[in-house]
1. Could you please let me know if Val153 is buried (at least 17 other Cβ atoms within 10 Å of the Cβ), among the hydrophobic types (A, V, I, L, M, F, W, C) and closer than 18 Å to Asn44 by Cα?
2. What do you reckon, is Ala96 crowded, with 19+ Cβ neighbours inside 10 Å, in a strand (DSSP E or B), at negative phi and of a type outside the set (Asp, Glu)?
3. Can you tell me which residue within segment 69-82, out of those that are of a type outside the set (A, V, I, L, M) and surrounded by 20 or more Cβ atoms within 10 Å (Cβ to Cβ), is modelled with the lowest pLDDT?
4. Considering each residue of segment 49-68, count those that are crowded, with 18+ Cβ neighbours inside 10 Å and part of a loop (DSSP other than H, G, I, E, B), and give that number.
5. Pull up segment 132-168, narrow it to residues that are touching a residue at least 12 places away in the same chain (Cβ under 8 Å) and among the polar types (S, T, N, Q), then point me to the one that is farthest from Pro25 (Cα to Cα).
6. Take the residues of segment 21-48 that are outside any strand (DSSP E or B) and among the aromatic types (Phe, Trp, Tyr): which is nearest to the chain's Cα centre (by Cα)?
7. Confirm whether Ala133 is touching a Lys or Arg at 6+ places or on another chain (Cβ under 9 Å), surrounded by 15 or more Cβ atoms within 10 Å (Cβ to Cβ) and at pLDDT 95 or above.
8. If the requirement is being closer than 24 Å to Leu179 by Cβ and either touching an Asp or Glu at 6+ places or on another chain (Cβ under 8 Å) or not aromatic (Phe, Trp, Tyr) (or both), which of these qualifies: Pro101, Pro143?
Amino acid sequence: MRLVLPALLLLACACTGGSRWAPAPATGLAYQNPGGAGWRLARNPAKSTPTHLVLDLLAPPGTVGLGAGFNMTADASRITWAKVESGDPYPVHNEALDLGPEPQLLLGLAQGNSLRVGGFQKDLASPVAYSGAILQVAVDFLPVAGLLAGEPVPMAVTTGLHLEADGTRSPITVAVGTLAGR
């Protein structure tokens, strides 16, 4: 009994000595979709994995148009811009537009923290009633970046443009959810 009491005191002192729980290193990415029904980037559950996040550009219900484009930023020290599917020529994937024959009006350019994407129909006579994803973009987790589980990764759409059914260009605000280490 005499040895048990000092051992318990030592254990109690060690447990209350100011040590704090340290978050574990992230093993992937977690994304919380933005609220609302306006223009937004929502996680595609069928194409996303813990290390490859695919985001769908969604329009407000009832929107009809000829395409869209946007510029976005994210911390490239934590993630990397990626192709949605391995065969994609650019870091953007078309889901809703009839791009017609080559040359197609679909382009994505990733440079550091910035991604610029756009997809537009050439046939102005056939606008699309958007009912799901218009375009898709993707980011990949960088395991060597030192990201911790629960640590936020800043990401935002800085500018957006919608080509209306009549061919006019309209600025759009695209809501982005919360990206963090998982």
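The values are calculated or read from the model by the stated rules, or taken from the named source; none is laboratory data. All figures in this text were calculated on a predicted structure; none of them were measured in a lab. Here Cβ is always computed from backbone atoms with ideal geometry, including for glycine, and neighbour counts include all displayed protein chains.
1. Considered against the rule, which asks whether it is buried (at least 17 other Cβ atoms within 10 Å of the Cβ), among the hydrophobic types (A, V, I, L, M, F, W, C) and closer than 18 Å to Asn44 by Cα, Val153 comes out as no.
2. no
3. Per the criteria, the residue is Arg78.
4. 2
5. Thr159
6. Trp39
7. In short, no.
8. Only one candidate passes the filter, namely Pro143.
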